[in-house]
């Protein structure tokens, strides 16, 4: 780039529960400044007032300016985590690994942890991993998979979205990482967590599905998971299903127009079934009649590249406890500006 | 001279970006099946002949047409005929596992050199496999925390690119006269718009696999 200066700026207000904030900056960024207008105007001891990041600083780092006492004096500190993370969401962006001390198995799997920084119930998606040094048995059917966080207890436990059956996770330690961005293209294939049979069929995915009413899907269910009658075959004329409703509160739940009353019960994979293939749904098109009758656009099935360049503003870390991160605290009003340099040198 | 050299490199960059966009679209939106017949103890396992056969059977059952015609046998030492085949594209990191597949026929054993494509590695049953260093992979995504690779196995006209009027690839060059009074820098680049689509989801499968070792 042969120009320099501010290329973009904006404002956002944090929700009543603060979450890490992704700011899209399509042309890239060399320097970013965030002002916490609420905290700057206040005099809360430890409150962060402004944040600065410049290309070359460590990932998830940056500088924080804050009130060191209950007045409006300022001090500065370096953030080791919970700061600025430059991302290209063409690749799925995940956070740092956090230790899982043990796992309580059940239809609702519970990760017993010591830190839940950045976890927001019903919003955060976590990926469970087993890096070297962790003792969880091989082949557990939650490793490498993404799950929506159903609920959490601060710095104690994280409960994942409910599964059809207990995956029988054994004893051992693991790690989780917060998943900040989704795969690049929409609509997305998803892993199935549960299926409730009936005259219409309710499908639960492990992460928010993102589908809309009218979209057509097909199922891919291995024999180990039951309900293979949903799979497309020559006998059922390559069965596909139309999404007829989306749950407004449970973002993992949708209903399709298939009568599955007499089908085999669905089950989630267990470690005893290893190796297995995960049950999945795949969006394949649009039932335009259903979409129109529900006032939904008829091109919702179009393949759209949702990848963006941008910056993740973190929530701070234990090292900056009370000072928060550049995403601010609950209900804070935040102003940001992104800069581009004519030249960048780093020695 | 320098401009021409840059144009050549930009051409590679542009086409490779197009490939990556199609790759990412397929990876995200396709139905995928995990390899389960391998023996590495991971989930998914490494690719095995059973997984290849299952994928081929699925495509045949779904009435997908093969892309490549058969290569008839010839009386040449060490060669073998090649069946009409679907196309599989996968990351080059799994080459060792491909070559360990029983019945794998490397392209240098095809009866005629001209019938093999530059990036092709070989054939197994009704599948001809192409490898690339930018084949799709997901780090730390298997049950043993290993990288998972996706092989896209496609029949004829399973996926395509929609060309958009007025949005074809453009090479851009802005001379130094436009950079300021001192005329110190020029601008070189390319831009394009691209739309990818799966034409029939039944005719293409993503086969998830890990490496054996």
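Partner chain Cβ atoms within 10 Å, averaged over the residues of B:43-50 - can you pull that number for me? Walk me through the numbers before you get to the answer.
Numbers: counts 14, 5, 2, 0, 0, 0, 0, 0.
Averaged over the peptide's residues, the number is 3.
Distance between the C-alpha centers of the range A:207-227 and the range A:136-169? Whole Å please. For the range A:207-227 versus the range A:136-169, the Cα centre distance is 20 Å.
By the helix-only formula, in which each DSSP H run with n ≥ 4 contributes -39500 (n - 2.57) and the sum is divided by residues, chain A has a 222 nm mean residue ellipticity of -500 deg cm²/dmol. Reported to the nearest whole Å, the Cα centre-to-centre distance from the range A:228-297 to the range B:109-182 is 31. Does the range A:98-179 come out rounded, prolate or oblate by the C-alpha gyration tensor, with a ≥ b ≥ c the root eigenvalues, rounded set by a/c under 1.5 and, if not, prolate when a/b is larger than b/c and oblate if not? In terms of gyration-tensor shape, oblate.
For chain B, just say rounded, prolate or oblate: build the C-alpha gyration tensor, square-root its eigenvalues into a ≥ b ≥ c, call rounded for a/c under 1.5, and beyond that prolate if a/b exceeds b/c, oblate if not. Since a/c reaches 1.5 and a/b is larger than b/c, the shape of chain B is classed as prolate. A protection proxy built from the mean count of other Cβ atoms within 10 Å ranks the segments A:239-251, B:50-62, most packed first, as B:50-62, A:239-251. Springs between Cα atoms under 10 Å define the GNM used for chain A, and in it the highest mean-square fluctuation of A:16, A:102, A:189 occurs at A:16. Neighbour counting of Cβ atoms within 10 Å sorts the residues B:192, B:209, fewest neighbours leading, into B:192, B:209.
Determine, for B:142, A:267, A:108, the number of other Cβ atoms within 10 Å of each Cβ, and report the residues in order from fewest to most.
On the way: B:142 26, A:267 20, A:108 14.
So the residues, fewest neighbours to most, are A:108, A:267, B:142.
Packing, as the average of other Cβ atoms within 10 Å across residues, places the peptides A:110-120, A:127-137 in the order A:110-120, A:127-137, highest first. Between helix B:2-29 and chain B there is an angle of about 50 degrees, using the helix long axis and the longest principal axis of the Cα atoms. Each of B:117, A:67, A:209 was scored by other Cβ atoms within 10 Å of its Cβ. Arranged with the fewest first, they read B:117, A:67, A:209.
Using only helices, what value at 222 nm comes out for chain B when you add -39,500 (n - 2.57) per DSSP H run of length 4 or more and divide by the total residues, to the nearest 500 deg cm²/dmol?
-7000 deg cm²/dmol
In terms of its alpha-carbon gyration tensor, the protein assembly as shown comes out oblate; a/c meets the 1.5 threshold, while b/c is at least as large as a/b.
Laboratory data are not the source of any read-out in this text; all were calculated from the coordinates shown. Everything quoted here is computed from the prediction, not taken from an experiment. Glycine gets a Cβ as well: all are built from the backbone with ideal geometry, and neighbour counts include every protein chain shown.
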